[in-house]
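The structure under discussion appears below in the form of structure tokens.
The values are calculated or read from the model by the stated rules, or taken from the named source; none is laboratory data. What you see is a predicted model, and the numbers here were worked out from it, not measured in a lab. With ideal geometry, Cβ positions are generated from the backbone for all residues, glycine too; neighbour counts draw on all protein chains shown.
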Amino acid sequence: MASNFLWITRTEENLTYYAASARKTNLSLRFASDIAPSTKKRICDFVRYLRKEFYFPIRCNVYFCNREKFRSSKGGYCYGIFFSNEESKGRIYPQIYIPVKNELHSVFFSLSHELSHYFQWYFLNEERRSDRSLEVQASKYATRITNDYCLDFCKEPDSECKKCYGK
């Protein structure tokens, strides 16, 4: 990954530097009970890749729901939601919600996109950036991460992940 990449790469230096960021670190996954085991396994494989490549200095709870999309607070639909712990008084750690009734490639992209918002929240003063610039940056990072994963791990066509096979 490029040095100007917002995500924290998993190096010994970074692990030492960010060790005191929070009491709990990494990603915590929670799946709805009606998600297919094969889908859950593939998502866990992708998250294992993310954990190997990147460091998450503050625990982020990721919830996977058996839906196609969510209704956003602005009236439209979205394929992932990020909530920082500052948006709710009772929440200790940031949270991400991802619907999984889509192609796996879309699920991977949505998760990477929302994790980019997690890093934006961690590093950036968001008030100085427009919503559009934050979204463009998150989409750029999500595309790069998803493509890198596909190139490294997807070697043949897959019916669950039509776009993701080593292109």
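Table for the structure above
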{"quantity": "Residue list for region 39-65, restricted to those being more than 15 Å from the chain's Cα centre (by Cα) and either hydroxyl-bearing (Ser, Thr, Tyr) or buried (at least 17 other Cβ atoms within 10 Å of the Cβ) (or both)", "calculated": "THR39"}
{"quantity": "Checklist (1) modelled with pLDDT of 75 or more; (2) surrounded by 13 or more Cβ atoms within 10 Å (Cβ to Cβ) applied to ASP131, failing item", "calculated": "(2)"}
{"quantity": "Test: residue in region 45-54 that is outside any helix (DSSP H, G or I) and either aromatic (Phe, Trp, Tyr) or closer than 20 Å to PHE109 by Cβ (or both)", "calculated": "yes"}
{"quantity": "Some residue of region 118-128 being at pLDDT 90 or above, crowded, with 17+ Cβ neighbours inside 10 Å, part of a helix (DSSP H, G or I) and touching a Phe, Trp or Tyr at 6+ places or on another chain (Cβ under 7 Å)", "calculated": "yes"}
{"quantity": "Some residue of region 63-86 being assigned to a strand (DSSP E or B), among the polar types (S, T, N, Q), over 22 Å from ARG144 (Cα atoms) and modelled with pLDDT of 90 or more", "calculated": "no"}
{"quantity": "Exclusive hit being within 19 Å of SER139 (Cβ to Cβ) and of a type outside the set (S, T, N, Q), set VAL62, VAL47", "calculated": "VAL62"}
{"quantity": "Test: residue in region 5-17 that is surrounded by 11 or more Cβ atoms within 10 Å (Cβ to Cβ), among the hydrophobic types (A, V, I, L, M, F, W, C) and out of contact with any helix residue (DSSP H, G or I) (no Cβ under 8 Å at 6 or more places or on another chain)", "calculated": "yes"}
{"quantity": "Tally, over region 134-146, of residues that are under 16 Å from LEU50 (Cα atoms) and buried (at least 16 other Cβ atoms within 10 Å of the Cβ)", "calculated": "6"}
{"quantity": "Selection within region 22-62 - without any contact (Cβ under 8 Å) to a residue 60 or more places away in the chain, over 16 Å from GLU114 (Cβ atoms) and polar (S, T, N, Q)", "calculated": "THR25, SER33"}
{"quantity": "Scope region 90-111; condition closer than 15 Å to ILE43 by Cβ, outside any strand (DSSP E or B) and without any contact (Cβ under 8 Å) to a residue 60 or more places away in the chain; matching residues", "calculated": "LYS101, ASN102, HIS105, SER106, PHE109, SER110"}
{"quantity": "Residue among ALA19, ALA32, ALA36 that alone is over 15 Å from the mean Cα position of the chain (by Cα), within 27 Å of LEU151 (Cβ to Cβ) and among the aliphatic types (A, V, I, L, M)", "calculated": "ALA36"}
